[in-house]
Amino acid sequence: MSAVAQAAEFADQFRDPVLAKGVSQVATATVLAALVVGVSRLRGLDLERELGVALTRGLVQIVAMGSIVGVLLTVDFVWSGAILLLMIGGATWISKNRGEGLPGVVRVSFAAIAFGAGLVIVVMTIAGAIEPTVRNLVPVGSMIIANSMQINSLALDRFRGELRSNRAEIEAGLALGAPPSAVIAEHVRTGVRASLIPIVDSLKSLGWVWIPGIMAGMILSGENPIYAALYQFVIMAMIFGAGGLTSVTSSLLIGTYVFTDAEQLKEIGDATDDGASGA
C-alpha cells in the first residue's frame, strides 16, 4: 500500500459516523465521573485536581493510542515484527525497574520476554489462532508481551527479595561447597511461583467471577458465544504459556549473573538504585 493510500485510509477513520456516537458516550461517562469529583469536594477529600487530571489524561492518552493503532493498521504486514520488537523493548525497559539492583537485568529481561512472548506468538500464528494480519497480530501480540512483562517484573522483584533476605543462608551453602545453581534453586522456584499467582487466579475465575474483554467484545459484535468463550480461553492460555516461559527463563538467566567467577554472591542493590548494574 502506498503512503498516500495509507494516509487516506487513516484519515477515513476520523470521518466515521460512529465517532459522533462515541463522543456522546464519552460525555455521558464524564458526567458520571464528575459526580465523583463533586463528592470529593463536598466531603473535603481534596482530590478534585488529581481526579480531574487523571480523567483528562486518561481520555487524551487513550485517544492518542487509538490514533497510533489507526496508523499501525495501515502499514504492511512485514512491519508487524518490527512493531512487536519495539513493544518488547519497551516492556524490557519497564520491567527492568522491578529488578533494578540485579546484575544483567536488562539483558535478562529482554531475552526472557522475547523468548516467552515471541515463541507463543510465532507458534500460535502458525497454528492459526492469531491471524497473520497487522489488525490481529499487533493487538493480540501486545497483550501477550504486556502480560509477559508483568510476570517478569514479579519474578525479578521476588527473586531479588529472596536473595537479600536469605543472603547469609546462600553464602553459607557456597562456603560448604554447594554449587551456586543448587544454592539458589529454591529461591528461583519461589520467584517463579509468586510471579504466576495472578494469571493462575485469573484462569481459576475465568467465566465465573469475570468475563474478559475479548469475549465480551466478540459477543457484543454478534459472534457465537461458545466460540467467543473458546477463543478467550486460547488468549488466556497464550498469556499463561508466554508468562510461564518468561518467568522461568528470567529466573534461570538472572541466577547466572548474581555470582562472581569465584562463585560468590554479588551485592544486590535496592529497587531505588540508579540501575547501573542492570545494563
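So the values come out like this:
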{"quantity": "On Cα atoms only, tilt of 105-126 relative to the major axis of the chain in degrees", "calculated": "50 degrees"}
{"quantity": "Correct choice for P(r) over Cα pairs in 10 Å bins from 0, in percent that was computed from the model, options (1) 6, 27, 34, 22, 8, 3, 0; (2) 7, 32, 39, 19, 2; (3) 6, 21, 25, 25, 15, 6, 1, 0", "calculated": "(3)"}
{"quantity": "Whole-Hz ³J(HN,Hα) from phi, Karplus 6.51 cos²θ - 1.76 cosθ + 1.60, for the range 28-43, glycine and proline x", "calculated": "5, 5, 5, 4, 5, 5, 5, 4, 5, 4, x, 4, 4, 5, 5, 8"}
{"quantity": "Label-zone membership for the range 138-171, site Ile68, 7 angstrom Cα→C-beta point, backbone N under 18 Å", "calculated": "138-150"}
{"quantity": "Computed [θ] at 222 nm, deg cm²/dmol, the chain (DSSP H ≥ 4; -39,500 (n - 2.57); rounded to nearest 500)", "calculated": "-25000 deg cm²/dmol"}
{"quantity": "Computed lengthening from Arg57 to Val209, 0.36 nm per intervening residue step minus Cα-Cα distance", "calculated": "51.7 nm"}
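Laboratory data are not the source of any read-out in this text; all were calculated from the coordinates shown. Remember, predicted model here, so these are calculated numbers, not experimental data. Methodologically, a virtual Cβ is constructed for each residue, glycine included, from the backbone with ideal geometry; neighbour enumeration extends over all protein chains shown.
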